[in-house]
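The values are calculated or read from the model by the stated rules, or taken from the named source; none is laboratory data. The shown structure was predicted, so the numbers you read here are calculated from the model rather than taken from an experiment. When we count neighbours, we look across all protein chains shown, and the Cβ atoms used for this are built from the backbone with ideal geometry, even at glycine.
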There are 2 protein chains.
Amino acid sequence: MAEKTNKTSKVSLTDVARAAGVSKMTASRVLRGEGGYSEKTKTNVMAKVDALGYLPNRLATVFAGDQTSTFVGVSIPDLGNEVFAQVLEGIDRKLGAFGYQSVLGLTQHTLEAEEAWVRTVLSWQPAGLILTGRSHSARAQDMLRNAGIPVVEIWDLNSSPLDMSVGLNHFDCGYDMGRFLIGRGYRALGYVGTSHDTANAATARLDGFTKAVQDGGGHVRRQLCLHDTATFYPGYYGSEQLMSSGADVDCIFFQNDSMAFGGLQYFEQKGLSVPDDIGIAGWGDLPVASVLKRRLTSMHVPHLKLGQTAAEMMVARLSGEAVHATKSVKFHLIPGATVRPASD
Amino acid sequence: MAEKTNKTSKVSLTDVARAAGVSKMTASRVLRGEGGYSEKTKTNVMAKVDALGYLPNRLATVFAGDQTSTFVGVSIPDLGNEVFAQVLEGIDRKLGAFGYQSVLGLTQHTLEAEEAWVRTVLSWQPAGLILTGRSHSARAQDMLRNAGIPVVEIWDLNSSPLDMSVGLNHFDCGYDMGRFLIGRGYRALGYVGTSHDTANAATARLDGFTKAVQDGGGHVRRQLCLHDTATFYPGYYGSEQLMSSGADVDCIFFQNDSMAFGGLQYFEQKGLSVPDDIGIAGWGDLPVASVLKRRLTSMHVPHLKLGQTAAEMMVARLSGEAVHATKSVKFHLIPGATVRPASD
DNA sequence: AAGCGCAAAGTTACCGGTAACTCAAACGGT
DNA sequence: ACCGTTTGAGTTACCGGTAACTTTGCGCTT
């Protein structure tokens, strides 16, 4: 039977040193493998570390030196939207591989929640922050600038980031889709998405989409911005709302594939045929699209990769590299088969 | 134009005190609203706090006193599985409402990754930990016990938790489903899920399912455990694999609804009719099920609620309440219409 | 006018590590 | 044999707050 070591009170380096009959400093040196001690001392100290179940207090280390912590604050709007769950997974996996931990903040798409979270998380001396979106409250911006730590803004392409940025041009994304749908002969377009207080990426996509449709001689007849999460069911009832509003549209662009799938299901259940009766386009090339019989018209965006890239930039900067960049993430249109075929 | 305050070096309480012409202690008292200072002093100090853009260093506070931090470590297997994304959202939302922050750890279903994460996160003196699953490496268990902080194990119902626990009995869940399918006349069952090194909840469901099927005079003809994430596409190709293996099954139980939907799509594309040619059952009552024409046979589990409950237990304990419980989360079967109807 | 009580401060020590310095013993070259 | 160098330690001070104690000054009572 192993010795009982479950002391309730925490074991400190001083305890280890005392047990080993050496000074705190020597124990510290052994634990950091810094050298300057004999093999015998090392063995002795390590034995006591095991026996006492010593776990270092990293708070003290960070606090003492001018070293930073291994925390990286990561703000994400919500996890109900699969897009962001993927981005977060990409970030955390990569950060974890380099010994950093994500401190999560769900901002629910509001600047106030973000500001409150920034304030709190900064008080814990994080090594850096990764924020979704490029709009922040004035006070949040002040705090971020004064913090003196790396900040990566993701999601939106940001020409004048606070520090670093990885994202994509959502306006262009929307524009490409609009032009594509015009090219397929659609003129009476609809949009179904979710809206939030802040000007966000989805809004930029809608703007680009609207512009392209107008440039192509079409009209966005109706745009629906639900106060809900951008997932399946809002796509379903959003479609219902849009159709029952009497708007005569021939094609609908959804905020993402999950919503588009909700729409597909609505129309199938109403007995309308896609794409014969109505065209459907999504966004994001999400997992659900991978199993549909009819390839969903969408826009491929490497979400996981985007998160990983953000984490890599953060780690590189924290390792002392002079990263100072705005990285653009590529996207490409998936023609799919939920809109009418090219008419050449 | 406001005064420039973007000092790169951090502003400490000492700086504020010096600027205000008072002692550090007085400034500290003002900031904590502890009393023992004049109105004039308060105004003065607060003015300097604003002017200098002072942000407290919570590390120092925790480090100084014997107070704990406001970090709560949260381990989750992965976020690709929507089930866990929901649980995490429930946890973080509730924790955030009480001023705590989640420190995320994606364990990828391995005990080694969990152990490494536990070691790291404990060194940051978290207020508590919320862990998914009930199996942990021996060393992780030691560390958790010795840490002297609240630990909530979620997901699996745990009769002998390390500390607190919220979950459901996955064996019973599986058993209920098995009995239900037997009741609908199925005898040659199949299972499609994903497997991982550790005995996990999905395995427990499969065990319960198998038991019920045997008890009912049926057989689990084939069980497929893919090395993949429990999401749409693995459900699709898993179905394909299962069918092409020559196993003659009349109904398939999937690890969750996302996989079940992948299966539904496979069979639809193969021209097989559900439930006439084959029965399909999922698990979790996930969002995707909300838009299907034919109600998916599944098991409703309140994932978000489960996460919230775990967070509430944590907060209650941290507030000094003597919570020491194993809470069982209720689930209920959704008969649905993707299995053949009751034959009475 | 002395003394008491209280409000409004200031002082000191400490939390758990580490940087920077000091110190003693061993060792080795001339 | 002597002295410089290396090795293996110990000592001290400090990071940024806060608990606990001390001090100062003022109003008010008797």
Exercise for the section: Being free of Cβ contacts under 8 Å to residues at least 60 places away in the same chain and either within 12 Å of chain A (Cβ to nearest Cβ) or crowded, with 24+ Cβ neighbours inside 10 Å (or both) narrows it down to one of B:G263, B:G271, so name that one. Expected result: B:G271
Problem - Selection from the stretch A:123-176 of residues that are in contact (Cβ under 8 Å) with a residue 24 or more places away in the chain, in contact with a Gly (Cβ under 8 Å, 6 or more places away or on another chain) and among the β-branched types (V, I, T) - result: A:I130, A:I149, A:V152, A:I154
Handout entry: Residue satisfying condition, being crowded, with 17+ Cβ neighbours inside 10 Å, within 26 Å of A:A85 (Cβ to Cβ), among the basic types (K, R) and touching a helix residue (DSSP H, G or I) at 6+ places or on another chain (Cβ under 8 Å), within set A:K293, A:K327
Key = A:K327
Problem - Condition broken by A:L168, with the remaining ones in (1) touching a Phe, Trp or Tyr at 6+ places or on another chain (Cβ under 6 Å); (2) within 21 Å of B:R119 (Cα to Cα); (3) of a type in the set (A, V, I, L, M) satisfied - result: (2)
Practice task
Kindly indicate which of B:D15, B:D78 is closer than 30 Å to B:V288 by Cα, more than 10 Å from DNA strand C (Cβ to nearest atom) and charged (D, E, K, R).
Solution key: B:D78
Problem - Flag for B:G190 being surrounded by 22 or more Cβ atoms within 10 Å (Cβ to Cβ), within 23 Å of B:V288 (Cα to Cα) and more than 14 Å from every other protein chain (Cβ to nearest Cβ) - result: yes
Handout entry: Identity of the residue in the stretch A:207-238, under 16 Å from A:N81 (Cβ atoms) and more than 14 Å from every other protein chain (Cβ to nearest Cβ), that ends up surrounded by the fewest Cβ atoms within 10 Å (Cβ to Cβ)
Key = A:H227
Exercise for the section: Could you tell me whether B:R179 is of a type in the set (D, E, K, R) and either within 14 Å of chain A (Cβ to nearest Cβ) or free of Cβ contacts under 8 Å to residues at least 24 places away in the same chain (or both)? Expected result: no
Practice task
Kindly establish whether B:K24 is more than 9 Å from chain A (Cβ to nearest Cβ), of a type in the set (K, R) and away from DNA strand C (no atom under 16 Å from the Cβ).
Solution key: no
Completion exercise
Given (1) more than 9 Å from DNA strand D (Cβ to nearest atom); (2) assigned to a loop (DSSP other than H, G, I, E, B), A:S75 misses just (2)
Problem - Every residue from the stretch A:96-105 that is within 9 Å of chain B (Cβ to nearest Cβ), touching a strand residue (DSSP E or B) at 6+ places or on another chain (Cβ under 6 Å) and not polar (S, T, N, Q) - result: A:V103, A:L104, A:G105
Exercise for the section: Mind listing whichever residues of the stretch B:114-141 are in a helix (DSSP H, G or I) and either farther than 28 Å from A:S12 by Cβ or within 8 Å of chain A (Cβ to nearest Cβ) (or both)? Expected result: B:W117, B:R119, B:T120, B:V121, B:L122
Fill in the blank from the handout: Per the filter on the stretch A:75-85, residues within 8 Å of chain B (Cβ to nearest Cβ) and without any contact (Cβ under 8 Å) to a residue 60 or more places away in the chain are A:L79, A:A85
Practice task
Could you please find all residues in the stretch A:278-327 being more than 22 Å from A:G190 (Cα to Cα) and touching a Leu at 6+ places or on another chain (Cβ under 6 Å)?
Solution key: A:A311
Completion exercise
Out of (1) more than 7 Å from every other protein chain (Cβ to nearest Cβ); (2) surrounded by fewer than 21 Cβ atoms within 10 Å (Cβ to Cβ); (3) of a type outside the set (F, W, Y); (4) under 28 Å from B:V49 (Cα atoms), the one A:P150 does not meet is (2)
Exercise for the section: Search the stretch A:30-70 for residues being away from DNA strand D (no atom under 16 Å from the Cβ) and either buried (at least 20 other Cβ atoms within 10 Å of the Cβ) or within 11 Å of chain B (Cβ to nearest Cβ) (or both), and hand back the single one that is nearest to A:S195 (Cα to Cα). Expected result: A:T70
Exercise for the section: Those residues that are part of a strand (DSSP E or B) and within 29 Å of the chain's Cα centre (by Cα), I need them from the stretch B:252-284; list them, please. Expected result: B:I252, B:F253, B:F254, B:I280, B:A281, B:G284
Exercise for the section: Quickly run through the stretch A:107-117 and pick out the residues that are within 12 Å of A:V74 (Cβ to Cβ) and in contact (Cβ under 8 Å) with a residue 40 or more places away in the chain. Expected result: A:W117
Practice task
Identify, from the list A:T203, A:T107, A:T120, A:T132, the residue that is touching an Asp or Glu at 6+ places or on another chain (Cβ under 6 Å) and of a type in the set (V, I, T).
Solution key: A:T107
Completion exercise
Residue hits (the stretch A:14-27; buried (at least 18 other Cβ atoms within 10 Å of the Cβ), in a helix (DSSP H, G or I) and within 11 Å of DNA strand D (Cβ to nearest atom)) are A:A17, A:A20, A:T26, A:A27
Fill in the blank from the handout: Checked against (1) farther than 24 Å from A:K327 by Cα; (2) within 16 Å of DNA strand D (Cβ to nearest atom); (3) more than 7 Å from chain B (Cβ to nearest Cβ), A:T110 satisfies every condition except (2)
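For A:L88, indicate whether it is within 8 Å of chain B (Cβ to nearest Cβ), assigned to a strand (DSSP E or B) and modelled with pLDDT of 95 or more.
No: the conditions fail for A:L88.
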Handout entry: Failed condition for A:G174, given (1) more than 14 Å from chain B (Cβ to nearest Cβ); (2) over 25 Å from A:R340 (Cβ atoms)
Key = (2)
